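Some notes on the structure that comes next.
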Amino acid sequence: MIVVMQADATGEQVEHMMQRVRNLGLTPHLIQGTERVVIACVGDERFKAPERLAVGAGVDKVIPILARFKIASREVKAEPTVIPLGLGSLGGERVGIIAGPCTVEGREMLLETAHAVKEAGAIALRGGAFKPRTDPYAFQGLAEEGLAYLAEAREATGLAIVTEVVSPEQVPLVAKYADVLQVGARNMQNFQLLAEVGKSDKAVLLKRGFSADFEELLLAAEYVLSQGNSRVILCERGIRTFEKYVRFTLAISMVPALKRATHLPVICDPSHGTGRADLVEPVARAAIAAGADGLIVEVHPDPERAMIDGAQSVTTEAFTRMVRSCRKVAEAIGRSL
Ligand code: PEP
Ligand code: MN
C-alpha cells in the first residue's frame, strides 16, 4: 500500500508517518513526486493496517497497490524516473545510447572505441570485465585490469561506465570503477546479487532473462528497489524462442508494456536481441519508435577480430550512421537524441 501525503504536509509529518510505518513492521520507501510525497510501505501483508495510517496528520489517503511489484509500479510513482548518466540521462525526453565492446579486450581498443562512440553521440561506454560465459573454457574477461581501462576511458571522455557484475562478492570491486552495475540476463534471478546491487549507491542495469516474463523482470527490479536503490534501468534484450535465424527474439512489445506498468527507464539491446550486425540498426530504430528510453549497443573497432560477440558488433562507422538514423526516429516521435 502507499500513504499519499497532502501537498502541504510538513517534513515532520512525513518523518512521523515513516516511523509509524516502521512500527507496523513494514519498510517505508519515500518517493518524492513533483507535487507530493508518497510513502510506499513494503513488507508482510498481514501487518498492513491502512485504517491506522489514514488518520495520521498530513495524510491525504492510503491506497492499496494492486501490482505485485510495488516500488517499481506506476501506481506508486506516476512520473518517469530520470537517471542522469555520463553525457546525458535515461528516462527523460532525450534518448540515451550506451555503446562499446562486448568485452574489454585491451586498453587501446577500448580507448579507441570510447572516443568514437562519444563522437557519434553515446552517453555511456559499455564493456565487460567479468563475462558470464556458457563455456567454462572461454575467455572470462580481464577482470580488474579491464575495470581500470574502463575508468581511464571515463577520465578521457566523460562517458559513464556500464559493466557487468556476476556475483554478490564482486559488487564492491566493480562499484569502485563503474557508474552502472549491469546484471546480465543469466543472473536476472540471482536474488542475492540483486539484493547486493540494491545496497550499492551505483545505478543498476537489469537485463531481462531469456526465459523470464514481464512480471518476473519487474519483480527482479523490485528486489533491487526494495534494498533502497532507486536507480534501476530495465533492458529488453530478447528471449529464447523456436526461431534460430536470429540469436534471440527481441520483444519490441515489451517496451510500451513496461513503460505503462513502471516509471523506470526502459532500454533495448538490439545486439544480443538479434545476434547479427546487419539487423542492429533497423531494430534499434524500431525500439526507439516503440518508446524505448535508450539503447545498449555492441561496437567494436574490428568486429572480425572481436574475442566475443563479433557477429553482432557494429563497426564505429556503422554505429555513427545508426545514431544519425535513430535520431530522426526520436525526433519523429517528439524526442531528441
Ligand atoms: C552483454 O551485455 O555482453 C551480455 C552478456 O548480455 P546478456 O546478459 O543480455 O546476455
Ligand atoms: Mn555481448
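The values are calculated or read from the model by the stated rules, or taken from the named source; none is laboratory data. Owing to the predicted nature of the structure, the values given are computational and were not obtained by experimental measurement. Neighbour counts run over all protein chains shown; Cβ positions are idealised from the backbone, glycine included.
Just a yes or no: is a residue in region 293-309 of a type in the set (G, A, S), more than 15 Å from ligand 2 (Cβ to nearest atom) and out of contact with any Lys or Arg (no Cβ under 6 Å at 6 or more places or on another chain)? Yes, there is a match, as at least one residue in region 293-309 is of a type in the set (G, A, S), more than 15 Å from ligand 2 (Cβ to nearest atom) and out of contact with any Lys or Arg (no Cβ under 6 Å at 6 or more places or on another chain). If the condition is being in contact (Cβ under 8 Å) with a residue 60 or more places away in the chain and not hydroxyl-bearing (S, T, Y), then region 1-30 contributes M1, I2, H29.
Across region 166-177, which residue is surrounded by the most Cβ atoms within 10 Å (Cβ to Cβ) among those that are of a type in the set (V, I, T) and out of contact with any Gly (no Cβ under 9 Å at 6 or more places or on another chain)? Spell out the reasoning first.
The first filter runs over region 166-177 and keeps only residues of a type in the set (V, I, T), leaving 166, 171, 174.
From what's left, out of contact with any Gly (no Cβ under 9 Å at 6 or more places or on another chain): 171, 174.
Working: V171: 20, V174: 26.
Among residues in region 166-177 that are of a type in the set (V, I, T) and out of contact with any Gly (no Cβ under 9 Å at 6 or more places or on another chain), the one surrounded by the most Cβ atoms within 10 Å (Cβ to Cβ) is V174.
Could you look through region 173-225, keep only residues that are more than 14 Å from ligand 1 (Cβ to nearest atom) and not in a helix (DSSP H, G or I), and pick out the one that is nearest to T134 (Cα to Cα)? Among residues in region 173-225 that are more than 14 Å from ligand 1 (Cβ to nearest atom) and not in a helix (DSSP H, G or I), the one nearest to T134 (Cα to Cα) is D213. Applying the criterion of being without any contact (Cβ under 8 Å) to a residue 24 or more places away in the chain and surrounded by 14 or more Cβ atoms within 10 Å (Cβ to Cβ) to the residues of region 134-159, the residue that is farthest from ligand 1 (Cβ to nearest atom) is A143. Here the condition is being of a type in the set (G, A, S) and modelled with pLDDT under 95; of A138, A120, A129, A160, it holds for A138 alone. Exactly one residue out of R324, R247, R285 is touching a residue at least 12 places away in the same chain (Cβ under 8 Å), part of a helix (DSSP H, G or I) and not aromatic (F, W, Y), and it is R285.
Look at region 95-109: where a residue is within 14 Å of R327 (Cβ to Cβ) and a partner is of a type in the set (V, I, T) and away from ligand 2 (no atom under 16 Å from the Cβ), sitting 6+ places away or on another chain with Cβ atoms under 7 Å, you get V95/I288; G96/I123; I97/I123; I97/V323. Look through region 111-129, keep the residues that are crowded, with 24+ Cβ neighbours inside 10 Å and touching a helix residue (DSSP H, G or I) at 6+ places or on another chain (Cβ under 7 Å), and return whichever of them is nearest to D309 (Cα to Cα). Among residues in region 111-129 that are crowded, with 24+ Cβ neighbours inside 10 Å and touching a helix residue (DSSP H, G or I) at 6+ places or on another chain (Cβ under 7 Å), the one nearest to D309 (Cα to Cα) is G127.
Residues of region 226-240 that are within 15 Å of ligand 1 (Cβ to nearest atom) and outside any loop (DSSP other than H, G, I, E, B): I233, L234, C235, E236, I239. Scan region 250-272 residue by residue and report those that are of a type outside the set (S, T, N, Q) and free of Cβ contacts under 8 Å to residues at least 40 places away in the same chain. Across region 250-272, the qualifying residues are L250, A251, I252, V255, P256, K259, V266, C268, P270. Being of a type in the set (D, E, K, R), surrounded by fewer than 19 Cβ atoms within 10 Å (Cβ to Cβ) and either modelled with pLDDT of 95 or more or closer than 18 Å to G228 by Cβ (or both) holds for only one residue in R22, R52, R46, R36, and it is R22. For region 288-321, the tally of residues that are outside any loop (DSSP other than H, G, I, E, B) and under 22 Å from T103 (Cβ atoms) stands at 18.
Just one of (1) among the β-branched types (V, I, T); (2) farther than 28 Å from L30 by Cβ; (3) in contact (Cβ under 8 Å) with a residue 24 or more places away in the chain fails for V174. It is (2). When S271, S211 are checked against the criterion of being over 20 Å from R94 (Cα atoms) and either touching a Gly at 6+ places or on another chain (Cβ under 9 Å) or surrounded by fewer than 23 Cβ atoms within 10 Å (Cβ to Cβ) (or both), a single residue qualifies: S211. Just one residue in the set F248, F242 is touching a Lys or Arg at 6+ places or on another chain (Cβ under 9 Å) and either at pLDDT 95 or above or within 15 Å of ligand 2 (Cβ to nearest atom) (or both); that residue is F248.
Exactly one residue out of I31, I39 is β-branched (V, I, T) and under 22 Å from the mean Cα position of the chain (by Cα), and it is I31. Restricting attention to region 286-316, the residues that are more than 12 Å from ligand 1 (Cβ to nearest atom), crowded, with 19+ Cβ neighbours inside 10 Å and charged (D, E, K, R) add up to 1.
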